Amino acid sequence: MKKSIFSLFTFLLIACNNSNDSIVEKKTHNSLKPASEFYSKERAQVLVVGTFHFNYPGLDKIKTEESDKIDVLKEPKKTEVTELVEYIKKFKPTKIAIEAHPGYNWNTKFKEYKSGKHREKRDERYQLAMRIANDVNIDTLYTVDATALSNDLWKQDSTYYKSLTNKIDRDLEDPYWEMAKQYFDYREKQMKKTKILDVIKNMNTREGHNTNFGLYLTGSFATGEGQGADNFSMWWYNRNARIFANIVNITESPNDRILVIFGNGHAAILRQFFEASPQYDFVELSSLEEN
């Protein structure tokens, strides 16, 4: 009996000590300051608006059926574009960065736009970027697109580049891509009866961005003894890292409010960079509803 009482007492004592240790550990953990407290609270604000391409150039892997395409120059979509423009303007941007390469004379086109030209162009760079810039008296559009390291390697030595990627199984069936195609097909068919603002909001949620980014991580990504991952790193991830670097280089002040308008595939990765960087505050598109 005494032995049982002693054992019970010992068990309770150990349990109590373990509980106290857990409490101390929890208190210690909670008492540590987060890293963000050591960074400046003054940060440039960035709003990334990922879009579908209004003029349907057909350059992306997902191709829209002719019957599902919308015309942003005709009603009701013309008015819906205006609604989207007014919504984005709530961000009060001081700079606008677009999906265009330096040297393509976009600011010449913008000057022409301000004089009344190019209003019939469906491209989102005209319908959103130039229109917003004109409305809020911004004089310059920043062309921040970039080519990837894979392009550089190909130009330097295409044979060597091929040796880095020739084991990738590009014909591998990807069940996740087949599932995603069903979703994209569903979304495309909703375009005519859904407001453009609602479509863009849906695309620019965390889930929307992760869904887009995640499709680059399936299928052939894990093939080729690491080459699939290398190819993704040299190509798509690197291109967007360079785009981010270009945006860093146009950032001059924590008072900057930078509007970034790109295809949503880019927006998905740019979101990661801006959320992680201590230089920026990433602004959710949905948060503009509160303004």
### Message
When the residues of the stretch 37-57 are narrowed to those that are farther than 22 Å from Ser286 by Cβ and either crowded, with 22+ Cβ neighbours inside 10 Å or aromatic (Phe, Trp, Tyr) (or both), which ends up nearest to the chain's Cα centre (by Cα)?
### Response
Tyr56
### Filter result (surrounded by 15 or more Cβ atoms within 10 Å (Cβ to Cβ) and of a type in the set (Gly, Ala, Ser)) within the stretch 173-221
Ala180, Gly208, Gly219, Ser220
### Query
Any residue in the stretch 120-129 that is within 16 Å of Leu259 (Cβ to Cβ), free of Cβ contacts under 8 Å to residues at least 24 places away in the same chain and not small (Gly, Ala, Ser)?
yes
### Message
Step by step: first the residues of the stretch 156-172, then only those that are of a type outside the set (Phe, Trp, Tyr) and in a helix (DSSP H, G or I), then the one that is surrounded by the most Cβ atoms within 10 Å (Cβ to Cβ). Which residue is that?
### Response
Thr165
### Task
Give the stretch 108-121 a look and list any residue that's surrounded by fewer than 17 Cβ atoms within 10 Å (Cβ to Cβ) and within 21 Å of Thr51 (Cα to Cα), or say none.
His118, Arg119, Glu120
### Task
Kindly list, by first and then second residue, each pair from a residue in the stretch 263-287 that is under 11 Å from Thr205 (Cα atoms) to a residue that is aliphatic (A, V, I, L, M) and assigned to a helix (DSSP H, G or I), limited to pairs with Cβ atoms under 7 Å and residues at least 6 apart or on different chains.
Asn264/Met203
### Query
When Val85 is evaluated against the numbered criteria (1) of a type in the set (A, V, I, L, M, F, W, C); (2) part of a helix (DSSP H, G or I); (3) over 30 Å from Asn291 (Cα atoms), which criterion, by number, is the only one it fails?
(3)
### Query
Which ones in the stretch 164-183 are under 19 Å from Lys63 (Cβ atoms) and of a type outside the set (D, E, K, R)?
Tyr176, Trp177, Met179, Ala180, Gln182, Tyr183
### Message
Being among the hydrophobic types (A, V, I, L, M, F, W, C) and outside any loop (DSSP other than H, G, I, E, B) is the filter here; which residues of the stretch 98-155 pass it?
### Response
Ile98, Trp106, Phe110, Leu128, Ala129, Met130, Ile132, Ala133, Leu141, Leu149, Leu153, Trp154
#### Entry: Glu178 vs. criteria more than 20 Å from the chain's Cα centre (by Cα), over 30 Å from Arg43 (Cα atoms) and modelled with pLDDT under 95
yes
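The values are calculated or read from the model by the stated rules, or taken from the named source; none is laboratory data. Model, not experiment: these values are computed from the prediction. Here the Cβ is made from the backbone with ideal geometry for all residues, glycine too, and neighbour counts use every protein chain on show.
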